[in-house]
Amino acid sequence: MALLEVNNLCISFGGLRAVDDFNLTIEKGQLYGLIGPNGAGKTTVFNLLTGVYKPNEGRIKLDGNDITRKSTTEINHAGIARTFQNIRLFKNMSVIDNVKVGLTERFKYSALEGILHLGNYRKVEKEMDFEAEKLLKVFDLDKEKDILASNLPYGKQRKLEIARAMATNPKLLLLDEPAAGMNPNETKELMDTIALVRKEFDMTILLIEHDMKLVSGICEKLTVLNFGRVLCQGETKEVLSDPEVIKAYLGE
Amino acid sequence: MSSFLTYLISGLSLGSIYAIIALGYTMVYGIAKMLNFAHGDFIMVGCYIIFTVSGALSGNSIVGIIVAIVLCTLLGITTEFVAYRPLRGAASPLAVLITAIGVSYFLENLALLIFGADIKSFTSVIKWEGLTFADGNLRIQGVTIVTIVVSLVVLLVLQLFIKKTKQGQAMLAVAEDKGAATLMGINVNNTIMLTFAIGSALAAIAGALLCSAYPSLSPYTGAMPGIKAFVAAVLGGIGSIPGAMIGGLLLGIVEILSKTYISSQLSDAIVFGILVVVLLVKPTGILGKKIQEKV
């Protein structure tokens, strides 16, 4: 059974069909790319998958469970985590606290225990610290754990966003233009990070990207969107040599 | 000199009460991004509960305070659930503001209906006489000391809660970016509900202290302290917890000192005048952060 199954997804804003008849199947463990010209509806697809927008039509199934029309929080609990095109870390919080926010829903103690610092509070907080530090170590951010997220250099902020998403223990990770604004060195490092996430966590990843070097370098399968519709879908190599795709990107 | 010190201390005490109320305002604003104008009336409800329960138990005010804290917490949660939550997605933030004013009038008139308009005399919940210093020249009342100590404890517990617990961190995350927080699995509804619960519990504590220091109770008891605590929260920088504390203390001291040395009729005008001046000089309040512009 596929991990993610999207059937006939549609959404309109006013008279504009932003996404029309969108289908996508991602198998467990795949690294899947979603590409297309600006304004093609890629981020809209991410917003539909994570429940930020509710589709007019269509079904989204994660691991066999229907998650269409669930709230963003429920979808996260069901197993989808994401990063953002323009980084949305909690800037006024420390690096480790950002990761701990991602961990919040997986660890339980009551607010009363928290206020009084009694009961399970100490034990659970210790477990959360341990878990957060373990994650930061994987992403090589453990030395910066106490500084404010906004004081991290750009590349590391991107990394921290991935670490925070991983803290929610997802089945599927969505990366929205992870290489945006990066220089070639940083992009190279990002590719290593993505490879690391796959290796360490056995993660299924769907990413939006414009950087063709990154896309052709790491994605196994691609879907190309153009004007809200699927233009082409398949193995990376075949898709990138498709004349329709080249036309959409470069014009005639 | 000792009389100045006495006034200063009583200003500090009044300011501590404003601070506890202001904490409720500022938390709700910081996290839910709304002004709960009914917050002052939660104080009044708390006072009536203490008054009724203590009366029924022939003066056992400890039970009264505990019952008031529990019921005010429930009142806060219910108000949020019934009146504010359905409007959270509303197109205009004015909708929920007007509703809050409606809730305020509703509570005042409900109290009027149940308890009548006559002013009840409230028996102080603090029986301690207080301390005397400098051969009897400086006397500090028990209620004053208790008020100041309680407000400091409340501030400390609240700071620790927000900085050191997962619920507190979730509050900060929601305050900063509600959308990103929900996508990280934070339940925003529960987080906001908890904020209201804590703010309302604080209102009950503030009510017990307020009515012990100024022992008269009417349906409008909470209105003026509520407004002044709102001023204190804005003065300190709304959304900031230490700001609410500083704003509250400052306001209490200014009010008592201007009542004593300038004019008791003018004191409120001076208090609100200071708000206008501070906002002209520093619109975000004393500890308020600059609003980040999106690039």
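What is the calculated FRET efficiency for A:K171 to B:V70, with r their C-beta to C-beta distance and R₀ = 35 Å, to the nearest 0.05? All intermediate terms of the calculation are to be shown ahead of the outcome.
Numbers: r = 41 Å, r/R0 = 1.18.
With a Förster radius of 35 Å, E is 0.25.
What do you get for the angle between helix B:94-115 and the principal long axis of chain B? Use alpha-carbon atoms, 0 to 90 degrees, nearest ten.
40
Give the calculated FRET efficiency between A:A180 and B:I262 to the nearest 0.05, with a Förster radius of 51 Å applied to their Cβ-Cβ distance. Provide the component values of the computation, followed by the final result.
Working: r = 60 Å, r/R0 = 1.17.
Plugging the Cβ-Cβ distance into 1/(1 + (r/R0)^6) gives 0.30.
Rounded to the nearest 5, what % of DSSP beta bridges with both residues in the protein assembly as shown are antiparallel?
The answer is about 65 percent antiparallel.
Between helix B:188-213 and chain B, what is the angle of the helix's C-alpha long axis to the longest principal axis, kept within 0 to 90° and rounded to the nearest 10?
Taking Cα atoms only, the helix is inclined about 10 degrees.
Among B:G288, B:I205, B:I274, whose Cα sits farthest toward the positive end of the charge dipole of segment B:204-295 (+1 at Cβ of Lys/Arg, -1 at Cβ of Asp/Glu, about the Cα centre)?
Farthest towards the positive end: B:G288.
At 0.36 nm per residue, and after removing the present C-alpha to C-alpha distance, how many nm does the segment from B:A134 to B:T52 gain when stretched out fully?
25.6 nm
Return the tail of the calculated pair distribution for segment B:228-287, meaning the percent of Cα-Cα pairs more than 18 Å apart.
For segment B:228-287, the fraction of Cα-Cα distances above 18 Å is 29 percent.
Quick check: convex hull of the Cα atoms in segment A:49-113, volume per residue, rounded to a whole Å³?
Each residue corresponds to 133 Å³ of Cα convex hull volume.
Only helices at least 24 Å long along their own axis, judged from Cα atoms, and with Kyte-Doolittle mean hydropathy of -1.0 or greater: name those in chain A from DSSP H.
A:121-138, A:184-201
Here is the link list: A:K70/A:K237; B:K178/B:K289; A:K70/A:K91; A:K126/B:K33. Which ones come out longer than 26 Å on Cα distance?
Pairs exceeding 26 Å: A:K70/A:K237; A:K70/A:K91; A:K126/B:K33.
Considering the zone a paramagnetic label at B:S3 would reach in this model (a point 7 Å from Cα along the Cα-to-Cβ line), which residues of segment B:125-164 have amide N under 17 Å from it?
Inside the label zone: B:136-140.
So what is Rg over Rh here for segment B:192-236, counting just Cα atoms and using Kirkwood for Rh?
1.01
About the Cα centre of chain B, how large is the charge dipole given +1 on each Lys and Arg Cβ and -1 on each Asp and Glu Cβ? Please answer in debye to the nearest 20.
Numbers: 16 positive and 11 negative charges, 138 e Å.
Roughly 660 debye for chain B.
Between segment A:89-151 and segment A:1-70, what is the separation of their alpha carbon centroids in Å?
Cα centroid to Cα centroid, the span is 31 Å.
Would you mind checking the tilt of helix B:267-281 against the longest principal axis of the Cα atoms of chain B, expressed as 0 to 90 degrees and rounded to 10?
The helix B:267-281 is inclined about 40 degrees to chain B.
Where the convex hull is taken over the Cα atoms of segment B:57-210, what is its projected area averaged over directions, in nm²?
Over every viewing direction, the Cα hull of segment B:57-210 projects on average to 13.0 nm².
What residues qualify as long-range amide H neighbours of B:I119, i.e. H under 5 Å apart, gap of 5 or more or another chain, H built at 1.01 Å from N?
Long-range HN contacts for B:I119: none found.
Across all directions of projection, what mean area in square nanometres is found for the Cα convex hull of chain A?
Averaged projected hull area, Cα only: 14.8 nm².
Taking only DSSP H segments of four or more residues, each worth -39500 (n - 2.57), what value at 222 nm results for chain A once the sum is divided by all its residues, to the nearest 500 deg cm²/dmol?
Values: 10 runs with 100 residues, N = 252.
Here the helix-only value at 222 nm equals -11500 deg cm²/dmol.
How large is log10 I(q)/I(0) at q = 0.09, 0.11 Å⁻¹ when the Debye formula is applied to the Cα atoms of the protein assembly as shown, each weighted equally and without solvent?
So the normalised log intensities are -0.75, -0.99.
Averaging over every viewing direction, what projected area does the convex hull of the Cα atoms of segment A:144-252 cover, in nm²? Mind dumping the intermediate values first?
Numbers: hull surface 32.9 nm².
It is 8.2 nm².
Where in segment B:167-184 does the label zone of A:K126 land, with the point 7 angstrom along Cα→C-beta and an amide N cut-off under 18 Å?
none
How compact and how long is chain B, expressed as Rg and Dmax of its alpha-carbon atoms in Å?
Here Rg and the maximum Cα pair distance are 19.1, 64 Å.
What residues have an amide H closer than 5 Å to that of A:R82, excluding those fewer than 5 places away on the same chain, when H is modeled at 1.01 Å from N in the peptide plane?
Close amide H contacts, sequence-distant or interchain: A:L174.
To two decimal places, what compactness ratio does segment A:91-168 give when its Cα radius of gyration is scaled by 2.2 N^0.38 Å?
1.12
Tell me which aspartates and glutamates have Cα within less than 14 Å of A:K213's Cα, excluding those fewer than 8 residues away on the same chain?
Those aspartates and glutamates meeting the cut-off are A:E177, A:E186, A:E189, A:D192.
Determine the alpha carbon to alpha carbon distance for each of A:K123/B:K127; A:K42/A:K137; A:K145/A:K199 and list only those over 28 Å.
Details: A:K123/B:K127 40 Å; A:K42/A:K137 32 Å; A:K145/A:K199 23 Å.
A:K123/B:K127; A:K42/A:K137, as the Cα separations exceed 28 Å there.
FYI, it's all coordinate maths here, none of it is from the lab. Keep in mind that this is a model prediction, so the values were computed, not measured. No Cβ is skipped: glycine too gets one built from the backbone with ideal geometry, and neighbour counts run over all protein chains shown.
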